[in-house]
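Colleague: To start, I am sharing the structure in question, which I have written as structure tokens.
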Amino acid sequence: MAAAIAIDGPAGAGKSTIAKKIAQQLNMIYVDTGAMYRAIGLYFHRLGVAPEDGETIGRLAQQAEVSIAYEGGKQQVYLNGENVTAFLRTEEAGNMASAVSVYPQVRQMLVRQQQKLAAVRDVVMDGRDIGTVVLPKADVKIFLTASTRVRAERRCEDLKSRGLPCDMELVEKDIIDRDWRDTHRAESPLRQAEDAVLVDTSDMTIDQVADRIIEIYRERQRPAAKTEKKEA
């Protein structure tokens with residue numbers, strides 16, 4: 001049976017960075033579901049569809065195909081056959097992704113793809129509803145969080161590193177607005193699973209967070225290993 005680590009949390013909590021590091025250290029596959037949703041956000045942004053036009057979004061979602069491939073050990077995201085990895089970290093793609101992800105047709109289409117991947121590969125998967133909806137039976141569930149200011153600072157550092165402008169106040173406002181949408185949507189709202197471990201990354205380094213989650217994973221694996229040995 002494939003192993004799975006589910007990492008949930010709000011935008012800017014460090015989910016992707018941490019998940020990549022954990023997957024590398026544990027020799028697992030990293031699945032960035034946020035990138036898949038950003039690809040859908042990019043899809044609708046390019047089409048110029050209004051976020052509140054649920055009927056059109058529901059219909060066009062069925063015409064979109066988002067897939068993940070690993071090239072040179074790095075995850076690449078494809079939208080209808082086009083490699084769109086380089087276009088996913090813009091605020092436009094992120095905001096549209098948050099807006100359209102409230103629609104069941106969008107989420108159901110992507111969840112099916114994510115579950116198929118996790119059924120055959122050991123994965124570290126991060127997103128908003130991994131532990132509650134996508135992988136409810138994951139071996140370990142983590143809920144990462146951080147203050148909105150810290151998350152805004154991280155987002156600005158990321159944007160500036162790619163030569164893009166950043167207004168700290170606007171970015172923090174976008175994060176607060178996105179948190180509200182993610183936690184109040186009717187379909188798979190962002191929430192901590194009952195059996196998830198809460199990890200606040202505000203005052204932790206990347207290595208400290210990764211080490212903590214790996215420690216939790218290995219602690220959970222020990223009882224399972226003992227049970228299997230006893231039964232054998």
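The values are calculated or read from the model by the stated rules, or taken from the named source; none is laboratory data. Keep in mind that what you see is a predicted model, and the values were worked out from it rather than measured. All Cβ positions, glycine included, derive from the backbone under ideal geometry; neighbour counts span all protein chains shown.
Colleague: Would you point out the residue of the stretch 64-110, among those that are small (Gly, Ala, Ser) and more than 15 Å from Thr33 (Cα to Cα), that is modelled with the lowest pLDDT?
Modeller: Gly73
Colleague: Here's something else I'd like to know. Kindly list, by first and then second residue, each pair from a residue in the stretch 173-189 that is at positive phi to a residue that is not charged (D, E, K, R), limited to pairs with Cβ atoms under 6 Å and residues at least 6 apart or on different chains.
Modeller: Ser188/Val133
Colleague: Restricting attention to the stretch 41-63, does a residue exist that is modelled with pLDDT of 95 or more and within 17 Å of the chain's Cα centre (by Cα)?
Modeller: Within the stretch 41-63, one or more residues are modelled with pLDDT of 95 or more and within 17 Å of the chain's Cα centre (by Cα).
Colleague: Report yes if Val140 is crowded, with 22+ Cβ neighbours inside 10 Å and in contact with a strand residue (DSSP E or B) (Cβ under 8 Å, 6 or more places away or on another chain), otherwise no.
Modeller: When the stated conditions are applied, Val140 passes them.
Colleague: Kindly establish whether Glu187 is assigned to a loop (DSSP other than H, G, I, E, B), within 24 Å of Glu65 (Cα to Cα) and out of contact with any strand residue (DSSP E or B) (no Cβ under 6 Å at 6 or more places or on another chain).
Modeller: yes
Colleague: Also, quick follow-up: Please pick out the residue among Val150, Val123 that is under 16 Å from the mean Cα position of the chain (by Cα), among the aliphatic types (A, V, I, L, M) and closer than 23 Å to Ala11 by Cα.
Modeller: Val123
Colleague: Moving on to the next point. For the stretch 174-194, which positions are more than 17 Å from the chain's Cα centre (by Cα) and either over 30 Å from Met96 (Cα atoms) or modelled with pLDDT under 90 (or both)?
Modeller: His184, Ala186
Colleague: Based on what the data block shows, is Ala86 of a type in the set (A, V, I, L, M) and in contact with a helix residue (DSSP H, G or I) (Cβ under 8 Å, 6 or more places away or on another chain)?
Modeller: no
Colleague: Right, next: For the stretch 190-211, give me each residue that is in contact with a strand residue (DSSP E or B) (Cβ under 8 Å, 6 or more places away or on another chain), surrounded by 15 or more Cβ atoms within 10 Å (Cβ to Cβ) and among the hydrophobic types (A, V, I, L, M, F, W, C).
Modeller: Leu190, Ala193, Ala196, Val197, Val199, Val209
Colleague: Now for a different question. For the stretch 47-102, name all the residues that are in contact with a strand residue (DSSP E or B) (Cβ under 6 Å, 6 or more places away or on another chain), touching a residue at least 24 places away in the same chain (Cβ under 8 Å) and loosely packed, with under 15 Cβ neighbours inside 10 Å.
Modeller: Ser67
Colleague: Does Tyr30 satisfy the criteria of being part of a strand (DSSP E or B) and closer than 29 Å to Val199 by Cα?
Modeller: For Tyr30, the condition - part of a strand (DSSP E or B) and closer than 29 Å to Val199 by Cα - is met.
Colleague: Still on this model: Given the conditions (1) touching a strand residue (DSSP E or B) at 6+ places or on another chain (Cβ under 7 Å); (2) free of Cβ contacts under 8 Å to residues at least 60 places away in the same chain, which single one is not true for Asp122?
Modeller: (2)
Colleague: Separate question: Out of everything in the stretch 26-57 that is among the polar types (S, T, N, Q) and touching an Asp or Glu at 6+ places or on another chain (Cβ under 9 Å), what residue ends up being farthest from Ala69 (Cα to Cα)?
Modeller: Step by step, filter the stretch 26-57, then rank; the result is Asn27.
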